[in-house]
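In what follows, a structure is listed as structure tokens, so that the remarks can point back to it.
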Amino acid sequence: MLNIILMGPPGAGKGTQAKKLIAEFNIPHISTGDMFREAIKEGTPLGKLAASYINDGHLVPDDVTIGLVKERLSKSDCAHGYLLDGFPRTIPQAEALESISKEIGREISHVIDIETPKEELVRRICGRRVCKKCGAPYHVINIKPKVDGVCDICGGELIQRPDDNEEALSVRLEAYTKQTQPLLEYYQKKGLLTKFDGSNSSDLTPKLVAFLRG
Ligand code: AP5
Ligand code: MG
């Protein structure tokens, strides 16, 4: 069973690869960032709380994030595996995930780290556009839509994320280095971590698919 964590700094390509992998393996894509953005769009209390952290690049508090993932993982569509994107991001989140995944009988099988150099992350984040409707990621130079400003998949409008500016990005990169990077050692010690080069990844998806097929 594929119970996957996709890790990597902001802009590494987690969302881009996740969308391709879930189509290949037919498992749900659980992105905490997408879940928070959905709540912000709907104007729920969770969304209001999340916006106060996300827009400046800070992490949402652990208790909120863990509760959200716990509820999501208990849904029936996770019965045959899942792909987590952007969770866990702190040691307490990883510890919580360990007990949640044991409780539901779906322990983590693979932790994939997409490594990408910092200069490339900045270029990708500053040029990213996302579909307002379905969240599909594009890039003004690297990954252009067929029609300017319009999503290839659903025809939605392409916009820039509020946290995709240099100021918020430097906060996000710092949060990644201080709070998330230690997880690589945590999962390395458990023998679950595999690193992939995400810097020039036209061939990354087939590599990931072959790896996950084992
Ligand atoms: P989240 O939405 O998870 O953002 P992130 O981790 O900063 O990562 P990104 O989505 O920015 O990048 P990505 O790796 O998905 O790259 P993408 O595929 O889009 O989290 C947002 C916020 O929510 C956090 O800052 C935090 O506030 C909060 N949050 C979320 N989870 C949390 C948690 N667990 N705990 C606490 N808070 C949490 O690609 C980027 C760009 O590059 C795109 O334009 C794409 O088209 C392009 N691109 C992708 N691959 C390539 C390639 N190979 N070559 C060239 N260009 C490429
Ligand atoms: Mg993403």
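The strands (runs of 3 or more DSSP E) located wholly in segment 105-163 that include 2 or more residues which are within 14 Å of ligand 2 (Cβ to nearest atom) and either surrounded by fewer than 20 Cβ atoms within 10 Å (Cβ to Cβ) or of a type in the set (Phe, Trp, Tyr) (or both) occupy 137-139. Step by step: first the residues of segment 52-87, then only those that are in contact (Cβ under 8 Å) with a residue 24 or more places away in the chain and of a type in the set (S, T, N, Q), then the one that is nearest to ligand 1 (Cβ to nearest atom). Which residue is that? Applying the filter and picking the extreme gives 65.
Residues in segment 141-150: is at least one under 17 Å from the mean Cα position of the chain (by Cα) and not hydrophobic (A, V, I, L, M, F, W, C)? Looking for residues that are under 17 Å from the mean Cα position of the chain (by Cα) and not hydrophobic (A, V, I, L, M, F, W, C), one finds none in segment 141-150, hence no.
Each residue in segment 178-189 was checked for being surrounded by 12 or more Cβ atoms within 10 Å (Cβ to Cβ), away from ligand 2 (no atom under 16 Å from the Cβ) and not hydrophobic (A, V, I, L, M, F, W, C), and 6 pass.
On the given criteria, is residue 16 under 12 Å from the mean Cα position of the chain (by Cα), part of a helix (DSSP H, G or I) and β-branched (Val, Ile, Thr)? Yes, satisfied. Of all residues in segment 30-64, count the ones that are in contact with a Phe, Trp or Tyr (Cβ under 8 Å, 6 or more places away or on another chain), more than 23 Å from residue 177 (Cβ to Cβ) and within 16 Å of ligand 2 (Cβ to nearest atom). Going through segment 30-64 one residue at a time, the tally reaches 1.
Restricting attention to segment 19-34, the residues being closer than 25 Å to residue 132 by Cβ, in contact with a Gly (Cβ under 6 Å, 6 or more places away or on another chain) and not in a strand (DSSP E or B) number 3.
The conditions of being out of contact with any helix residue (DSSP H, G or I) (no Cβ under 7 Å at 6 or more places or on another chain), under 18 Å from residue 191 (Cα atoms) and among the acidic types (Asp, Glu) are met by residue 98.
Readers should treat all values here as calculations from the given coordinates under stated rules, not as data from a laboratory. Computed from a predicted model, the values in this text were never measured in an experiment. Here the Cβ is made from the backbone with ideal geometry for all residues, glycine too, and neighbour counts use every protein chain on show.
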